[in-house]
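Q: The structure follows.
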Amino acid sequence: MTIRAPLLAAMATALAVLVPAAQSAGQAEPPTLLGTVGPGPQITLTTADGQPVTTLLEGTYTINVSDKSANHNFHLFGPDLNQTTTVAQVTDTTWTVTLKPGGYAFVCDPHQAGGMRGTFAVVAPTRLAAALDAKQVVGRTTAKRGTGSFSGTLRRSATGGTLEWQLTFRRLTGAAVAAHIHSGRPGRSGRILIPLCAPCRAGATGTATIPAAAMQALLSGATYVNVHTKRNSGGEIRGQLTVQG
């Protein structure tokens, strides 16, 4: 069979379009952080949704730096990293950095003694855990005997992360109708961040997608696991999530 020249040209064009698209699809954009210094005596590093950075998972990040004053600079340093803007220059710039486990600081060099500095930690793929009981539940509950445990491994992705988890419990007043990860410090109730199961059985496992907006809360002790029953719809047992090791 003879393939005519116009058809060959069309096939070549199609391949030229498809190959770069496939390559692009496999190269996800790194998460974005925002570094700002000035115009007054302040320096900040936040997530894309404005949350202060205190703990990050290791990996590659894009940092959009805005240096708003000729009297300041934005200097970021830590393990194998040393990036800075120039004191005399007002500028916006973008850095792509690889953050390794360890401690990091961002400072204004001329004024760090005056408080223009901040720090954060970078951790490896992270194990989270919580011990659940009725005593941690905020508000009234008819349950006293229920206990449970939650464990999970958190891994970063370009859009947030994934959490491979396991949940066990016993001595509830009835079937577990649902379990979630909520936002909230100890003694406070918060909204649902991550659904886990509904209904749930003891020993349940799964993998949850973690949005970037929830990552900081998970790593900083600001989330808890809540198991709900029909009798205690607001939560029968609860446990605060903490980073292990």
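Q: Provide a single number: the residues in the range 232-245 that are in a loop (DSSP other than H, G, I, E, B) and within 14 Å of A129 (Cα to Cα).
A: Just the residues of the range 232-245 that are in a loop (DSSP other than H, G, I, E, B), to begin with: 232-236, 241, 245.
Now drop any that are not within 14 Å of A129 (Cα to Cα), which leaves 241, 245.
The total comes to 2.
Q: Under the condition of being over 30 Å from R155 (Cα atoms) and charged (D, E, K, R), which residue from the range 53-83 is farthest from the chain's Cα centre (by Cα)? Reasoning before the result, please.
A: Filtering the range 53-83 down to residues over 30 Å from R155 (Cα atoms) leaves 67-73.
Narrowing the set further to residues that are charged (D, E, K, R) leaves 67-68.
Details: D67: 25, K68: 28 Å.
Across the range 53-83, the extreme among qualifying residues is K68.
Q: Does the range 20-42 hold any residues that are touching a helix residue (DSSP H, G or I) at 6+ places or on another chain (Cβ under 7 Å) and either aliphatic (A, V, I, L, M) or at pLDDT 90 or above (or both), and which are they?
A: P41
Q: Do we find a residue being farther than 30 Å from N226 by Cβ and within 20 Å of the chain's Cα centre (by Cα) anywhere in the range 84-93?
A: So far as the range 84-93 goes, no, none of its residues is farther than 30 Å from N226 by Cβ and within 20 Å of the chain's Cα centre (by Cα).
Q: Does any residue of the range 123-134 turn out to be polar (S, T, N, Q) and farther than 22 Å from S183 by Cβ?
A: We begin by selecting, within the range 123-134, every residue polar (S, T, N, Q); these are 126.
Of the ones still in play, those that are also farther than 22 Å from S183 by Cβ are none.
Within the range 123-134, none of the residues are polar (S, T, N, Q) and farther than 22 Å from S183 by Cβ.
Q: Residue check, G50 against (1) free of Cβ contacts under 8 Å to residues at least 60 places away in the same chain; (2) touching a Pro at 6+ places or on another chain (Cβ under 8 Å), all met but one. Which one?
A: (2)
Q: Do any strands (runs of 3 or more DSSP E) entirely within the range 150-231 hold 1 or more residues that are of a type in the set (G, A, S) and touching a helix residue (DSSP H, G or I) at 6+ places or on another chain (Cβ under 6 Å), and if so, which?
A: Ranges flagged: 160-170, 176-183.
Q: (1) in the same structural domain as V227 (by TED's automatic domain parsing); (2) in contact with a Ser or Thr (Cβ under 6 Å, 6 or more places away or on another chain); (3) β-branched (V, I, T): which one isn't true of I210, the others all being true?
A: Condition (2) is where I210 drops out.
Q: Among T54, T119, T91, which is modelled with pLDDT of 90 or more, in contact with a Phe, Trp or Tyr (Cβ under 9 Å, 6 or more places away or on another chain) and among the polar types (S, T, N, Q)?
A: T119
Q: Among residues belonging to the range 125-146 that are touching a helix residue (DSSP H, G or I) at 6+ places or on another chain (Cβ under 8 Å) and in a strand (DSSP E or B), point out the one that is modelled with the highest pLDDT.
A: L128
The values are calculated or read from the model by the stated rules, or taken from the named source; none is laboratory data. Since we're looking at a predicted model, the values are computed, not measured. Backbone-built Cβ (ideal geometry, glycine too); neighbour counts: all protein chains shown.
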